[in-house]
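Undergrad: Below is a structure I'd like to ask you about.
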Amino acid sequence: MTGTEMPDKEASNPSRRVRWRSIVPVLAVLAVVAGATAWWLRDDGAPEPVAVTATGPVAETLDELVAMSDVVVEAEVVSVTDGRAISDPSNPAAGIRTQLAELEVAVVHAGDLGAGDQLVVEQESALLDGTPLVVNGLRALAPGDSGVFFLVAGDGDQFPYHALIGDQGWIPLVADTVRVRTDDDPIGRVWNGRARSELAAALGSG
């Protein structure tokens with residue numbers, strides 16, 4: 001992963017462009033926090049999560065978010081395993097670790113999948129030293145998380161998994177109710193607190 005590779009990949013593949021813009025900008029921010037994370041510890045000695053701000057595509061409406069996506073599914077996270085380490089070539093101390101979240105699909109709103117299928121989402125989850133990341137307010141997925149996921153598909157050996165459409169790529173559902181961040185998310189401001197059935201209908205599956 002290098003800065004010289006990004007322009008060609010972005011120009012040749014729109015889906016990969018969304019993926020790169022949702023992950024790679026984190027590296028630029030990590031240079032600021034790389035040396036300080038060891039000081040941020042909870043009372044139990046575990047590192048406090050680091051809040052990172054990253055730029056990327058922002059959908060203003062649900063239709064725009066669907067249009068950005070290769071796959072839109074209602075699903076639940078059934079397992080999470082370690083992914084890979086990604087470092088900044090110009091500063092090896094600045095980097096991230098990813099995780100691989102396995103989703104079990106319940107409802108397909110878009111994409112060539114069926115109920116009961118499983119897919120894997122790669123997501124930035126921690127700094128290289130294991131300090132948890134919260135990117136634009138979105139924490140790493142955990143087993144039991146459920147909701148509607150807006151994903152781009154990987155397209156080769158370098159990107160074999162799916163990825164969230166930035167911090168808007170997961171609309172959580174809690175007790176059949178939408179629960180999303182509402183501060184800077186235009187979709188969240190519209191949908192937070194509304195029923196799962198309303199969201200399904202808006203996605204054409206209600």
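The values are calculated or read from the model by the stated rules, or taken from the named source; none is laboratory data. Remember, predicted model here, so these are calculated numbers, not experimental data. In this analysis, Cβ positions are derived from the backbone assuming ideal geometry, glycine residues included, and neighbour counts consider all displayed protein chains. For the accessible areas, the whole protein counts, side chains as well, though only heavy atoms, and no ligand, DNA or RNA atoms are used. Shrake-Rupley method; radii C 1.70, N 1.55, O 1.52, S 1.80 Å.
Undergrad: Output the number of residues of the stretch 69-97 satisfying the condition of being modelled with pLDDT under 90 and either hydrophobic (A, V, I, L, M, F, W, C) or open to solvent by less than 20 Å² (accessible area, probe 1.4 Å) (or both).
TA: 6
Undergrad: Hey, another quick one. State whether the residues of the stretch 81-102 include one that is of a type in the set (Val, Ile, Thr) and over 23 Å from PRO49 (Cα atoms).
TA: No.
Undergrad: Can you find a residue that is modelled with pLDDT of 95 or more, over 23 Å from ALA67 (Cβ atoms) and under 12 Å from the mean Cα position of the chain (by Cα) anywhere in the stretch 100-118?
TA: yes
Undergrad: Name every residue in the stretch 99-118 that is in a strand (DSSP E or B) and open to solvent by 10 Å² or more (accessible area, probe 1.4 Å), in order of residue number.
TA: GLN99, LEU100, GLU102, GLU104, ALA106, VAL107, VAL108, HIS109, ALA110, GLN118
Undergrad: Filter the stretch 132-191 down to residues that are hydroxyl-bearing (Ser, Thr, Tyr) and outside any strand (DSSP E or B) and give me whichever is surrounded by the most Cβ atoms within 10 Å (Cβ to Cβ).
TA: So, considering only residues that are hydroxyl-bearing (Ser, Thr, Tyr) and outside any strand (DSSP E or B), the one surrounded by the most Cβ atoms within 10 Å (Cβ to Cβ) is TYR161.
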